[in-house]
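**Student:** Could you have a look at this structure, given as structure tokens, before my questions?
The values are calculated or read from the model by the stated rules, or taken from the named source; none is laboratory data. It should be emphasised that the depicted structure is a prediction, and the values quoted were computed from it without experimental measurement. Ideal geometry is used to build each Cβ from the backbone, glycine not excepted, and the neighbour counts take in all protein chains shown. Please note that ligands, DNA and RNA were not included when accessible areas were found on the heavy atoms of the full protein model with its side chains. Shrake-Rupley method; radii C 1.70, N 1.55, O 1.52, S 1.80 Å.
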Amino acid sequence: MSADGVERNKAMEGVSTQWPARIWIVRHGQSAGNIARDKAEEEGVSLIELEHRDADVPLSELGLRQAQALGRWLSGQPPHLRPQVVLSSPYVRARQTAQQVLDALQGQVQLVADERLREKEFGVLDRYTSAGIRETFPELSEQRTLVGKFYFRPPGGESWCDVILRLRGVIADLQRNHVGANVLVVGHQVIVNCMRYLLEGMDEAQILAIDRKGDVPNCGVTEYAADGQGRALELVRTNFVSPELAEQAVTDAPDAPTGAR
């Protein structure tokens, strides 16, 4: 984190801001939706075939193994470096990921489902592939190119800014309700990036540059630790994947078609 980012981080809620001792932000394990999207993109079709609505898409078999490996990695940390609170998107794939961590920890860990951590809403573009968006909604595709993904809001959906606005409330709750605690946040790719935008004091260009470098891996961990006074966060690692899965294929497909994100 840059010095400027640290100063913004310290001043987000004023000079008396206090933070959790440690924050882990994690994308859910691979989902059945990730697989369906990969298949649709490869075949060049317009629509992604999904059995469930987005909120109900479960983990794939690989996603379950990824979540279990994440749980084992976290439970293998020293006691003072294990999660005490788990905040999760209410979407099934995120809750299943969080549950594997809770099972591995085998302790009195608080689980809170928070709808503000839900996936970015794609509105009329939901379930369309990149090619499908260009073919079916050419004007929207052009508008998105002009406006940019940070500010573009599809009809009935959200922009990255909209997601950031709801996440500001999550961060305020971390500062108000979980000072000094170890908190795990389980969400989605856009959630991870937008949380980084807020916690690291980034601007549009900085977070989009990170986004262009590659997708957040499933069960990839971005970790922050508070300084000795608890008034600033330091970035520890980004997109860390449990060594247990290092030799396995880790799906890094986006939660939505590239054209819709």
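**Student:** Hey, if you drop one equal point scatterer on each alpha-carbon of the stretch 119-200 and run the Debye formula without solvent, what base-10 log of I(q)/I(0) do you get at q = 0.14, 0.22 Å⁻¹?
**Tutor:** Each listed q corresponds, in turn, to -0.56, -1.04.
**Student:** What is the spin-label model distance, in nm, from V179 to A113 if the labels are put 7 Å beyond Cα along the C-beta direction?
**Tutor:** 3.1
**Student:** For the chain, what % of the accessible area comes from carbon and sulfur atoms, probe 1.4 Å? Walk me through the numbers before you get to the answer.
**Tutor:** Numbers: 5580 of 11600 Å².
Answer for the chain is 48 percent, counting heavy atoms of protein chains only.
**Student:** While we're looking at this one, here's another question. Accessible area per residue of the chain at 1.4 Å probe, in Å²?
**Tutor:** On the way: 11600 Å² over 261 residues.
Per residue, the chain has 44 Å² of solvent-accessible surface.
**Student:** Can you give the three extents of the C-alpha atoms in the chain along their principal axes, from longest to shortest, in whole Å?
**Tutor:** 54, 38, 29
**Student:** How much length would be gained if the chain were fully extended between D38 and N239, taking 0.36 nm per residue of separation minus their Cα-Cα distance, in nm to one decimal?
**Tutor:** The span from D38 to N239 would gain 70.3 nm if fully extended.
**Student:** Between E204 and Q18, with labels modelled 7 Å along Cα→Cβ, what's the label distance in nm to one decimal, could you check?
**Tutor:** Reported label-point gap for E204 and Q18 is 3.7 nm.
**Student:** Let me ask you something else. Once amide H atoms are built 1.01 Å from N in the peptide plane, which residues 5 or more positions from L87, or in another chain, come under 5 Å H to H?
**Tutor:** Result for L87 returns V112, L184, V185, V186.
**Student:** Relative contact order (percent) for the chain, with alpha-carbon contacts under 8 angstrom and 6 or more residues of separation?
**Tutor:** Across the chain, relative contact order equals 33 percent.
**Student:** What fraction, in whole percent, of alpha-carbon pairs in the stretch 13-148 exceed 24 Å separation?
**Tutor:** Percent of Cα pairs beyond 24 Å in the stretch 13-148: 45.
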